[in-house]
1. For Ala78, state whether it is part of a helix (DSSP H, G or I) and surrounded by 15 or more Cβ atoms within 10 Å (Cβ to Cβ).
2. For Ala66, all conditions in the list (1) outside any helix (DSSP H, G or I); (2) within 22 Å of the chain's Cα centre (by Cα); (3) within 30 Å of Arg142 (Cα to Cα); (4) of a type in the set (A, V, I, L, M) hold save one; what is the number of the exception?
3. With the checklist (1) within 19 Å of the chain's Cα centre (by Cα); (2) on the phi > 0 side of the Ramachandran plot in hand, flag the one item Asn39 doesn't pass.
4. Among the residues of region 47-63, how many are exposed (fewer than 14 other Cβ atoms within 10 Å of the Cβ), part of a helix (DSSP H, G or I) and modelled with pLDDT of 90 or more?
5. Somewhere in region 22-30, is a residue touching a residue at least 24 places away in the same chain (Cβ under 8 Å), among the hydrophobic types (A, V, I, L, M, F, W, C) and open to solvent by less than 70 Å² (accessible area, probe 1.4 Å)?
6. What are the pairs, 6+ residues apart or on separate chains, where a residue within region 84-104 that is within 25 Å of Pro114 (Cβ to Cβ) and at pLDDT below 90 has its Cβ under 6 Å from a residue that is in a helix (DSSP H, G or I) and among the polar types (S, T, N, Q)?
7. Ala38 - would you say it is within 30 Å of Ile139 (Cα to Cα) and assigned to a loop (DSSP other than H, G, I, E, B)?
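The values are calculated or read from the model by the stated rules, or taken from the named source; none is laboratory data. Nothing here was measured: the structure is a model prediction, and the numbers come from that model. Virtual Cβ from ideal backbone geometry, glycine too; neighbours counted across all protein chains shown. For accessibility, only protein heavy atoms count, side chains too; no ligands or nucleic acids. Shrake-Rupley method; radii C 1.70, N 1.55, O 1.52, S 1.80 Å.
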Amino acid sequence: MSQVVMHNDLRGGVSDQLTRQATWIGAFLIILTVLLIANSMIVSVTARTTEIGVRRALGASRSAVAGVFWFEGAVIGALGGLAGAALAAITITGVAAFNNWSAYLNLGWIALGPVLGMVVGIVASAYPALRATRIHPAIAVRAD
């Protein structure tokens, strides 16, 4: 075997390992993000129990109440994804400039950041939205 083939094999192996590690880290961060958004949404539901009760007492349906929390989760996730995509683009460009490399930014992957963030936000707000729909109006208004 020639030395060139061995270096290419080594480069391919390192690239595969880095890709696998980045995938695992990304999956871990998505799970952590879901838990953090869900936690903040549960706190929001608890803090807004009276508001939810008043909405329900005034005729808002369960799906309308849930929709408020689904929408909030989607917005929080989309904004987080947008911030993450912007930070990634700035970091990649900065590292490339620092090392005198050519930066290659795939705009499709960058545009996927807010979309993925929105999906994560919607998934994270599923339980809090369900919890908000189970609040009984009379008990919620009386609790304050």
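1. On the way: part of a helix (DSSP H, G or I): yes; surrounded by 15 or more Cβ atoms within 10 Å (Cβ to Cβ): yes.
In short, yes.
2. Here Ala66 clears every test but (1).
3. (2)
4. In the first step, residues of region 47-63 are kept if they are exposed (fewer than 14 other Cβ atoms within 10 Å of the Cβ); the result is 47, 57-59, 61, 63.
Of the ones still in play, those that are also part of a helix (DSSP H, G or I) are 47, 57, 63.
Remaining after also requiring modelled with pLDDT of 90 or more: 47, 63.
Looking only at that region, the number is 2.
5. The first filter runs over region 22-30 and keeps only residues touching a residue at least 24 places away in the same chain (Cβ under 8 Å), leaving 30.
Checking the rest, the ones that are also among the hydrophobic types (A, V, I, L, M, F, W, C) come to 30.
Imposing the further condition that a residue be open to solvent by less than 70 Å² (accessible area, probe 1.4 Å) reduces the set to 30.
Yes, region 22-30 contains at least one residue that is touching a residue at least 24 places away in the same chain (Cβ under 8 Å), among the hydrophobic types (A, V, I, L, M, F, W, C) and open to solvent by less than 70 Å² (accessible area, probe 1.4 Å).
6. Cβ pairs passing all conditions: Ala103/Thr93.
7. On the way: within 30 Å of Ile139 (Cα to Cα): yes; assigned to a loop (DSSP other than H, G, I, E, B): no.
Here the answer is no, as Ala38 does not meet what is asked.
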